[in-house]
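Participant: Below is a structure I'd like to ask you about.
The values are calculated or read from the model by the stated rules, or taken from the named source; none is laboratory data. For clarity, every value in this text was computed on a predicted model and none was experimentally measured. Please note: Cβ atoms are built from the backbone with ideal geometry, for glycine as well, and neighbour counts cover all protein chains shown.
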């Protein structure tokens, strides 16, 4: 797969494909746990500057897909491609070294530490053997400003004092600070109020506008259709549909999530929400 030319998405950022090709691809990914087959021949492309929404009911394989990309689990079959080249991920550090950052639902933030300390946790810079607090504050403030996070009173306030939306913003800023090229967000608006949800959705859009490849896993179809450029649907470990978001409506996605198939067609396009290159989604279980 040709990756074409590269562009810099942020000051100091690494290059990402500029021609619309996938930065990260899953090809034929299969994962089993004893007698249970969690994923079966999954194909998926994650493209820079786009939001890819991964939908599916409980047990569809969303978490397994995320953890495979994050390097927590190795696939039994298939391969992951980074810029068109096969890669082996032996753990989360390998995934992060590529520029993949996964923000799980619990956010993995420390309530007893402030925003700056959380953003640099495990990556603290030193100056003459002493913690470089000044450079940490400057970098943290700049990253939050670039993401237009303006609701935080002070970058030195404890994370425990933040709202759910603000905590999500800190988790995203932490990923961007260390030059994430792919950001995976697991149920980013779960348990958030209306205003906090709006804050997070706007943040997702800004990430994509900066050239980051964003993957959002969500049960909330209102949020999915708000931000997604592409939608992929898992059903019982199989990819039953993947296409541009404009090729779906909510009921079609619900059909795929609950039955693995849909006979509905969108009136606007006259075309069903197919999954080119995937196993046939009709009648598949």
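Participant: Of the conditions (1) buried (at least 19 other Cβ atoms within 10 Å of the Cβ); (2) without any contact (Cβ under 8 Å) to a residue 24 or more places away in the chain; (3) under 22 Å from residue 82 (Cα atoms), residue 244 clears all except one; give me its number.
Facilitator: (1)
Participant: Might you let me know whether region 67-83 holds any residue that is loosely packed, with under 15 Cβ neighbours inside 10 Å, closer than 18 Å to residue 236 by Cα and at pLDDT 95 or above?
Facilitator: Yes, region 67-83 has at least one match.
Yes or no, residue by residue, for (1) in a strand (DSSP E or B); (2) in contact (Cβ under 8 Å) with a residue 40 or more places away in the chain; (3) more than 12 Å from the chain's Cα centre (by Cα):
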{"position": "29", "(1), (2), (3)": "yes, yes, yes"}
{"position": "40", "(1), (2), (3)": "yes, yes, yes"}
{"position": "48", "(1), (2), (3)": "no, yes, no"}
{"position": "54", "(1), (2), (3)": "yes, yes, no"}
{"position": "60", "(1), (2), (3)": "no, yes, yes"}
{"position": "74", "(1), (2), (3)": "no, no, yes"}
{"position": "80", "(1), (2), (3)": "yes, yes, yes"}
{"position": "90", "(1), (2), (3)": "no, no, yes"}
{"position": "94", "(1), (2), (3)": "no, no, yes"}
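Participant: Take residue 233 and tell me if it is in contact with a helix residue (DSSP H, G or I) (Cβ under 8 Å, 6 or more places away or on another chain), closer than 25 Å to residue 53 by Cβ and in a strand (DSSP E or B). Working first, answer last.
Facilitator: Numbers: in contact with a helix residue (DSSP H, G or I) (Cβ under 8 Å, 6 or more places away or on another chain): yes; closer than 25 Å to residue 53 by Cβ: yes; in a strand (DSSP E or B): yes.
When the stated conditions are applied, residue 233 passes them.
Participant: Limited to region 178-206, what total is found for residues that are within 16 Å of the chain's Cα centre (by Cα) and assigned to a helix (DSSP H, G or I)?
Facilitator: Within region 178-206, residues that are within 16 Å of the chain's Cα centre (by Cα) and assigned to a helix (DSSP H, G or I) number 7.
Participant: With respect to residue 280, determine if the residue is assigned to a loop (DSSP other than H, G, I, E, B), at pLDDT below 90 and either surrounded by 23 or more Cβ atoms within 10 Å (Cβ to Cβ) or in contact with a helix residue (DSSP H, G or I) (Cβ under 8 Å, 6 or more places away or on another chain) (or both).
Facilitator: No.
Participant: Related question: Please go through region 189-218 and pick out each residue that is touching a helix residue (DSSP H, G or I) at 6+ places or on another chain (Cβ under 9 Å), more than 24 Å from residue 139 (Cα to Cα) and either surrounded by fewer than 19 Cβ atoms within 10 Å (Cβ to Cβ) or in contact (Cβ under 8 Å) with a residue 40 or more places away in the chain (or both).
Facilitator: Matches in region 189-218: 190, 191, 193, 195, 198, 215, 216, 217, 218.
Participant: So which residues in region 102-146 are in contact (Cβ under 8 Å) with a residue 40 or more places away in the chain and in a helix (DSSP H, G or I)?
Facilitator: Correct list: 115, 116, 118, 119, 146.
Participant: Considering only region 91-146, state which residues are modelled with pLDDT of 90 or more, under 17 Å from residue 163 (Cα atoms) and surrounded by 15 or more Cβ atoms within 10 Å (Cβ to Cβ).
Facilitator: Scanning region 91-146 gives 103, 104, 109, 113, 114, 115, 116, 118, 119, 144.
Participant: Quick check, is residue 176 under 28 Å from residue 83 (Cα atoms) and in contact with a strand residue (DSSP E or B) (Cβ under 7 Å, 6 or more places away or on another chain)?
Facilitator: Values: under 28 Å from residue 83 (Cα atoms): yes; in contact with a strand residue (DSSP E or B) (Cβ under 7 Å, 6 or more places away or on another chain): no.
Judged against the criteria, residue 176 is not a match.
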